[in-house]
Each structure stands twice: as structure tokens, then as C-alpha cells.
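*Asks:* Handing you this structure, nothing more for now.
The values are calculated or read from the model by the stated rules, or taken from the named source; none is laboratory data. Since this is a predicted model, take the numbers as computed values, not measurements. Cβ sites come from the backbone with ideal geometry, for glycine too, and all protein chains shown count toward neighbours. These area figures cover heavy atoms from the full protein model, side chains too; ligands, DNA and RNA do not enter into them. Shrake-Rupley method; radii C 1.70, N 1.55, O 1.52, S 1.80 Å.
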Amino acid sequence: MTDFLKVTKNMSVAPQITVGDIERAAAEGVSLIINNRPDGEEAGQPLNSELADAAAKHGIKWAHIPVVSGQLTMEGIEQMALAMKEDVKTLAYCRSGTRSCTLWGLAEAYSGRLATDDILARGTEAGYDLSGMAPTLEHLREASGN
């Protein structure tokens, strides 16, 4: 069973999930799952379509925002912010959880929902050190006018 690491009241991140994890997410009230992995990133990785179908069977919305590790783009940040706009119970996942937590933080800064210090603290509480992103978080907040 994959660990769901709580970042905020409504956002958790995780390493690669399985169909069984989707069943657990549904039981825990997750309304949206965000897949941040491109298909074929790693041998044996479940296909996006396979997991999306399993989520649909449980009434969970699905977003596929594939980001190649180490290649974050403004488009990915904007898509993540848009997916998170409804502020429903959400689970985002990637290979290790780091990319999803990073995208969450960047999307929060871009949308202006959380201050940089809050983003860094919540990342740390979930087990992810986002401190190296502080200047980027500030820049995103300023650029978006938030």
C-alpha cells in the first residue's frame, strides 16, 4: 500500500499508485487524482489509461499532467493550478512523490493561495525539502500578481 503524504487538508502526494490505492483513495473521500508521470517513464509502470479507468469506476475525477522529471514547465504549473482550483480532496502522484509535491508548491505560488513560507513548511511536514525553490516561488507569486 502506497503512503499518501498529506500536504494540506485537501492535498496529498504519493509515489506511484496502484488500482488498490485508488480503491483506498475512494474510501478516504478523494475526489480527484492527478498523475504527474508520463507513460513509459519506467518499466512496469501502470498505464495512465488503466488507472484513470479504475478511478472512474470509483467516481474519482482524473487529470493527467505528465511532467518529465527535472523538466518542469510553466504549462505544467498552470495545468496543475487549474486542476487544483476546485480545492477538493486530491491525490497527486509521480514516481517518488517529489515531482508532485514540487508541482503543488509551484501551482500554489502561481495561484497566490499560499505564501512561500507556508508552501515550504507544508512541503517539509510532508517530507519534501522545497527550500531550494524559494526564489522561484516568490517569482511566480510576483509574476502572477498575487
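*Asks:* In the range 123-141, which residues are outside any helix (DSSP H, G or I) and surrounded by fewer than 15 Cβ atoms within 10 Å (Cβ to Cβ)?
*Replies:* From the range 123-141, those outside any helix (DSSP H, G or I) are 127-130; that's our starting set.
Result: GLY127, ASP129.
*Asks:* Please find, among ALA52, ALA134, the residue that is more than 14 Å from the chain's Cα centre (by Cα) and closer than 23 Å to GLY20 by Cα.
*Replies:* Just one listed residue meets the conditions, ALA52.
*Asks:* Within the range 35-50, track down each residue that is touching a residue at least 24 places away in the same chain (Cβ under 8 Å) and over 14 Å from ILE65 (Cα atoms). First the steps, then the outcome.
*Replies:* Taking the range 35-50 as the starting set, the residues that turn out to be touching a residue at least 24 places away in the same chain (Cβ under 8 Å) are 35-39, 41-42, 45-46, 50.
Across the range 35-50, the qualifying residues are GLU42, GLN45, PRO46, GLU50.
*Asks:* Give the number of residues within the range 36-63 that are at pLDDT 95 or above and either touching a Pro at 6+ places or on another chain (Cβ under 7 Å) or aliphatic (A, V, I, L, M) (or both).
*Replies:* 11
*Asks:* Output the number of residues of the range 97-122 satisfying the condition of being touching a helix residue (DSSP H, G or I) at 6+ places or on another chain (Cβ under 7 Å) and surrounded by fewer than 24 Cβ atoms within 10 Å (Cβ to Cβ).
*Replies:* Count: 7.
*Asks:* Which helices (runs of 4 or more DSSP H) does the range 10-96 wholly contain that include 1 or more residues that are over 23 Å from SER144 (Cα atoms) and open to solvent by 50 Å² or more (accessible area, probe 1.4 Å)? Don't jump to the end; show me each part of the working.
*Replies:* Details: elements: 19-27, 48-57, 74-83.
Ranges flagged: 19-27, 48-57.
*Asks:* Please give the number of the condition PRO66 fails out of (1) in contact with a helix residue (DSSP H, G or I) (Cβ under 8 Å, 6 or more places away or on another chain); (2) modelled with pLDDT under 95.
*Replies:* (2)
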